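The values are calculated or read from the model by the stated rules, or taken from the named source; none is laboratory data. The model shown is predicted, which means the values in this text are computed figures rather than measured ones. Note: ideal-geometry Cβ built from the backbone for every residue, glycine included; neighbour counts use all protein chains shown.
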Amino acid sequence: MPSVVRLSETAPGSQPLPKLGYSAPELVVCGAPVEYGYTYYCDPAGRMIAGIWESEPGSLRFESYPCDEFCYVLSGSITLQETDGEAQEFSAGDSFVICRGFRGLWQMTERTKKYYVECR
């Protein structure tokens, strides 16, 4: 494994991002958020994962987000609304950390692309 891993907005060889399918059906509140992505790095223990992710519009409800995740939005927008009603919007150029255990809605009103680093 290389010591430095470069992330790109496409899959290796400038290929389009592979289709991952739909989000877990039990999470989908509205829309049909077909996801695309590529994992550029995963440590041997599977505890840290980095890559690129893209999705069609839709809303997902999380009862307990499964990991700590750093996100850098490349295009589109993401609104995170906690169960208490507090909402924050992130668009191209914004970055955020969503913490393990987050409860609420993850909403995308347009096709959205982000870099991510997950810690499990």
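Tell me yes or no: at least one residue of segment 4-18 is of a type in the set (D, E, K, R), in contact (Cβ under 8 Å) with a residue 12 or more places away in the chain and under 30 Å from E63 (Cβ atoms). No, every residue in segment 4-18 fails to be of a type in the set (D, E, K, R), in contact (Cβ under 8 Å) with a residue 12 or more places away in the chain and under 30 Å from E63 (Cβ atoms).
Would you point out the residue of segment 76-95, among those that are touching a Gly at 6+ places or on another chain (Cβ under 7 Å) and outside any loop (DSSP other than H, G, I, E, B), that is farthest from G37 (Cα to Cα)? This residue is E82. A search for C-beta distances below 7 Å between a residue of segment 35-56 that is assigned to a loop (DSSP other than H, G, I, E, B) and any residue that is surrounded by fewer than 16 Cβ atoms within 10 Å (Cβ to Cβ) and not acidic (D, E), counting only pairs 6+ apart in sequence or on different chains, returns G46/R120; R47/C119; R47/R120; E56/A32; E56/R111.
Among the residues making up segment 57-69, those that are in a loop (DSSP other than H, G, I, E, B) and not aromatic (F, W, Y) are P57, E63, S64, P66, C67.
If you check E9, E89, E69 for being more than 13 Å from K113 (Cβ to Cβ), exposed (fewer than 15 other Cβ atoms within 10 Å of the Cβ) and touching a strand residue (DSSP E or B) at 6+ places or on another chain (Cβ under 7 Å), only one passes: E89. Put simply, of G51, G58, G76, G104 the only residue that is farther than 30 Å from G13 by Cα and either buried (at least 16 other Cβ atoms within 10 Å of the Cβ) or in contact with a helix residue (DSSP H, G or I) (Cβ under 8 Å, 6 or more places away or on another chain) (or both) is G104. The one condition from (1) part of a loop (DSSP other than H, G, I, E, B); (2) among the hydrophobic types (A, V, I, L, M, F, W, C); (3) modelled with pLDDT under 95; (4) within 18 Å of Y115 (Cβ to Cβ) that L20 does not meet is (1). Among residues of segment 81-107 that are farther than 19 Å from G31 by Cα and of a type in the set (A, V, I, L, M), those with a Cβ under 8 angstrom from a residue that is part of a loop (DSSP other than H, G, I, E, B) and modelled with pLDDT of 95 or more, sequence gap 6+ or separate chain, pair up as A92/G76; I98/Y65. A single member of V29, V73, V117 is in a strand (DSSP E or B), more than 11 Å from the chain's Cα centre (by Cα) and of a type in the set (V, I, T), and it is V29.
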